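First comes the structure, then the notes that go with it.
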Amino acid sequence: MSTAHDLRARVRAAFDAIGAQVDLAEPGGPGLPASTPVTGEVLFTHPETTPEQTRTAIADAAQAFTTWRTTPAPVRGQLVARLGELLREHKADVATLVTVEAGKITSEALGEVQEMIDICDFAVGLSRQLYGRTIASERPGHRLMENWHPLGVVGVITAFNFPVAVWAWNTAVALVCGDTVVWKPSELTPLTAIACQALIERAASDVGAPAHLSRLVLGGREVGEALVDDPRVALVSATGSVRMGRQVGPRVAERFGRVLLELGGNNAAVVTPSADLDLAVRGIVFSAAGTAGQRCTTLRRLIAHTSVVDTLVERITAAYRSLPIGDPAAEGTLVGPLIHETAYRDMVRALERARNDGGEVIGGERVHVGDEATEAFYVTPAVVRMPAQTEIVHNETFAPILYVLTYTTLDEAIELNNAVPQGLSSAIFTTDVREAERFLAADGSDCGIANVNIGTSGAEIGGAFGGEKQTGGGRESGSDSWKAYMRRATNTVNYSSELPLAQGVHFG
Ligand code: UN1
């Protein structure tokens, strides 16, 4: 079992390798704590950004924007290409920090850094593909077209559970789009953020890009508010809880800023009688128990046909019993810790409520890992057979709880899938093409992500990522999500010597 001493040494080694120049003080000193869920201890304290310094960071990013917006997009892409190279070089270092701060198992931490590399590759290609349209004009001698221009400063607010990939989705795309970035990471993951900031600054200096294209601000609510309320921040891209989104959305809208929200999910998988159950069980276990249930794409509801539910629950619980739970840095571990005590308390409360509603809970117990790990919260993932979808099933509890519901007709399954207020991810396991297509159709899943024969989590960066309803409606990452980071200008050019008016209007 890793000790706090080991973890500190790993952080220092990763910082040295990356070249992060921040004073990491031992706990007890001034500044904000950087803790680890692995042992539940504070590892370091680090400097805090004041709201005043946040405003300065925004001013710097706004200033940098004035030159960056006219830098040709393919040249902007070179910065992101360099960031991608540095991430390849420091993949293991960044992953170590992700494991220490977010408690992800090594393979998932490496996967998260790979997701950063992937989005850098994507954004570099995008830097030569920022296309507008040419539209047929109704007037002779006129050309009608769309031009996409950089937007300004993008405020990026990220959550603890993907402490680096979500920053990279936003930053890689924003930078090639000609925007500059101010990043407020979760207070729970400052170390990964400091490391990423060091890498982007190095990439900028290596390619001769202007300073201040990407700034980091570390702190709590006040720092976030300074970002949200500042009219120089053209777009606020925020990932986190629905509660956070409810505050950020209206505040940014109040000043007519743009928001891109990626909030909670309450993702379901439908398993039909024709499903390949081996495949379904594997997909379900990864999506429900992986990352200790702390992805926004985590599978939280299983909607099983009555003919397969017993077998399915039996196989899932058997798989759960064999999952190695413990030190996320140790080889073979598949389930690491919950992020903190509050997450654990929320899980206990949710399970209590489910029991009160008649739910049959299997698993969901605290596991003590190592001698010193009294402040760390490791749990066995829980499966809860519910007699009905009560209110607790409609809540997102950020922990490994899989509620099991049953259905008899596909219509019923789709209704259950869509019954929750969130709309991020969904899946169907079936070998029947009609069922699969129906799930993906307009009257099928209402989520931003709908999959067939894979789980709800682990999306590739090439697609647009985000969801509907309380998930916030934003789309990040691949496909044409870049459009959220740019402004569109419609241009009509008259190259004739006449002045015909649109809609046949005559004037004088
Ligand atoms: C998140 O949990 O905020 O699809 C992002 C996935 C990852 C991204 C999750 N690629 O699970």
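The values are calculated or read from the model by the stated rules, or taken from the named source; none is laboratory data. Nothing here was measured: the structure is a model prediction, and the numbers come from that model. For neighbour counting, all protein chains shown are included, and Cβ atoms are generated from backbone atoms with ideal geometry for every residue, glycine included. Quick note on the areas: whole protein, heavy atoms, side chains included, nothing else; ligands and nucleic acids left out. Shrake-Rupley method; radii C 1.70, N 1.55, O 1.52, S 1.80 Å.
Values computed for the structure shown
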{"item": "Positive-pole candidate from Gly265, Leu334, Val217, dipole of the chain, charges at beta carbon", "result": "Val217"}
{"item": "All-pairs Cα distance distribution in the range 409-450, expressed in whole percent, bin size 10 Å", "result": "31, 61, 8"}
{"item": "Neighbour-limited loop hits for chymotrypsin sites (Phe, Trp or Tyr not before Pro), the range 164-267 (at most 12 other Cβ within 10 Å; DSSP other than H, G, I, E, B)", "result": "Phe256"}
{"item": "Rounded to whole Hz, the Karplus (6.51, -1.76, 1.60) HN-Hα couplings of the range 358-363, x for glycine and proline", "result": "x, x, 9, 9, 10, x"}
{"item": "Surface/4 of the Cα convex hull for the range 380-508, nm²", "result": "14.3"}
{"item": "Accessible surface of the chain [probe 1.4 Å, protein heavy atoms]: carbon and sulfur percent", "result": "51"}
{"item": "Relative contact order [Cα under 8 Å, 6+ residues apart], the range 64-220, whole percent", "result": "31"}
{"item": "Low-density loop positions, chymotrypsin sites (Phe, Trp or Tyr not before Pro), the range 418-508 - DSSP coil, at most 12 other Cβ in 10 Å", "result": "Tyr495, Phe507"}
{"item": "Helix-only [θ]222 nm of the chain, DSSP H runs n ≥ 4, -39500 (n - 2.57) each, per residue, nearest 500", "result": "-12500 deg cm²/dmol"}
{"item": "Residue-span extension gain [Thr374 to Arg282] - 0.36 nm each, minus C-alpha spacing", "result": "30.0 nm"}
{"item": "Computed over the chain: relative contact order in percent, which uses C-alpha pairs under 8 Å that are six or more apart", "result": "18"}
{"item": "Dimensionless Rg over Rh [the chain; C-alpha; Kirkwood]", "result": "1.01"}
{"item": "Computed log₁₀ I(q)/I(0) - Debye formula, equal Cα scatterers, no solvent, the range 267-465, q 0.07, 0.11, 0.15, 0.17 Å⁻¹", "result": "-0.19, -0.46, -0.86, -1.10"}
{"item": "Percent RCO, i.e. relative contact order, over the range 267-465, from Cα pairs under 8 Å lying at least 6 residues apart", "result": "29"}
{"item": "Taking all pairs of distinct alpha-carbon atoms in the range 229-353, Kirkwood radius in angstrom", "result": "17.3"}
{"item": "Filtered trypsin sites (Lys or Arg not before Pro), the range 64-136: DSSP coil and at most 13 other beta carbons within 10 Å", "result": "Arg128, Arg133"}
{"item": "Probe 1.4 Å, protein heavy atoms only - accessible area per residue of the chain in square angstrom", "result": "41"}
{"item": "Shape category assigned to the range 248-309 from the gyration tensor of Cα positions, a/c cut at 1.5", "result": "prolate"}
{"item": "Förster radius 30 Å - calculated FRET efficiency between Asn356 and Ser241, Cβ distance, rounded to 0.05", "result": "0.80"}
{"item": "Rg to Rh quotient for the range 1-153, alpha carbon positions, Kirkwood Rh", "result": "1.13"}
{"item": "For the range 428-442, 3J(HN,Hα) per residue [Karplus equation, 6.51 cos²θ - 1.76 cosθ + 1.60, θ = phi - 60°, Hz, x = Gly/Pro]", "result": "10, 9, 7, 10, 9, 4, 5, 5, 4, 5, 4, 5, 8, 6, 4"}
{"item": "Charge dipole (the range 345-454, unit charges on Cβ, about Cα centre) - positive-most of Ile428, Ala350, Ile414", "result": "Ala350"}
